[in-house]
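No value in this document is a laboratory result; all are computed from the given coordinates. No experiment lies behind these values; they were computed from the predicted model shown. Quick reminder, even Gly has a Cβ in these numbers, built from the backbone with ideal geometry, and neighbours come from all protein chains shown.
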Amino acid sequence: MAQAPTPTAAHFATPGWKPGSKGLARRGLMLVLSSPSGAGKTTLSRRLLALDDRITMSVSVTTRPPRPGEEDGKDYFFVSVAEFERLRDSGELLEHATVFGNLYGTPRAAVEAALTAGRDVLFDIDWQGTQQLDQSAQQDLVKVFLLPPSAGDLEQRLRTRAQDSDEVVRQRMSKASDEISHFTEYDYILINQDIDDSLAKLTAILNAERLKRRRLTGLAEFVKSLRDAL
Ligand code: 5GP
């Protein structure tokens, strides 16, 4: 007899297998993934987005120049300092911060539309941005911090990424310790020893958080109809 396949993270993300979709409306959540640069956050984000069609990436604006292979509108919206300041000063950013001398920020409108429509949003932002979201959107926020398994591993990943100069790699290594010191401000910690294992854990966090009672905007109505029929 054929054996049933072992459930994996992929099963939870299969289109059509939606525990929240059986009539219950839900508000989307904001999944923040922070880590020092080089801990594997970009790879983990891409894997999650490929696996789960109910979460979309928040695309930040930045004044940093594009790296080779980066696309405007997909990886970031690359803008001038003047344009960034216009967005910030007109309240169009949910949060913003200076990281490695460049400005970064999260456009507000796309996030608010997604959450209202019951879609989840993934954020690759640093601890400064996370603190600001904690002030303004605490109920929607799920904060995950990704740690490298060792300092040597982090350095190796920064070097093999080969997209930054030696000077930038040195800067990022010394910044990593500061970034890591904020781990206590996060809800969940993942030590990224193995990307498949981290992905499975991240998917488990996401699926559990989706079931939080306060996100289920259609729950009161559902329970009322249930009780009325009893
Ligand atoms: P990178 O230049 O390597 O893409 O990103 C550098 C750092 O900036 C990363 O730690 C990333 O999480 C952070 N970052 C990217 N976008 C934003 C943003 O919109 N807001 C904040 N606060 N940090 C961001």
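What to note about this one:
- Taking other Cβ atoms within 10 Å as a rough exposure proxy, D153, D53, D89 sort from fewest to most as D89, D53, D153.
- Global form of the chain, assessed from the alpha-carbon gyration tensor, a/c cut-off 1.5: oblate
- With Cα atoms, 0 to 90° folded angle of helix 151-161 axis to the chain main axis: 80 degrees
- Between A110, Q131, L219, the Cα set farthest toward the positive side of the dipole of region 81-230 (charges on each charged residue's Cβ, about the Cα centre) is that of L219.
- Treating r as the C-beta distance of S90 and Q128 and R0 as 25 Å, the FRET efficiency rounds to 0.75.
- Spatial offset of region 114-154 relative to region 184-230 amounts to 15 Å, using the alpha carbon center of each.
- Region 50-127: antiparallel DSSP beta bridges as a percent of all, rounded to 5: 55 percent
- Calculated FRET value between V59 and L226, using beta carbons and R₀ = 45 Å, to 0.05: 0.65
- Cβ-based exposure ranking for S150, S45, S35, S60, in which fewest neighbours within 10 Å come first: S150, S45, S60, S35
- Look at V32, V169 and count the other Cβ atoms within 10 Å of each Cβ; fewest to most, that gives V169, V32.
- Charge dipole (the chain, unit charges on Cβ, about Cα centre) - positive-most of V144, A208, V32: A208
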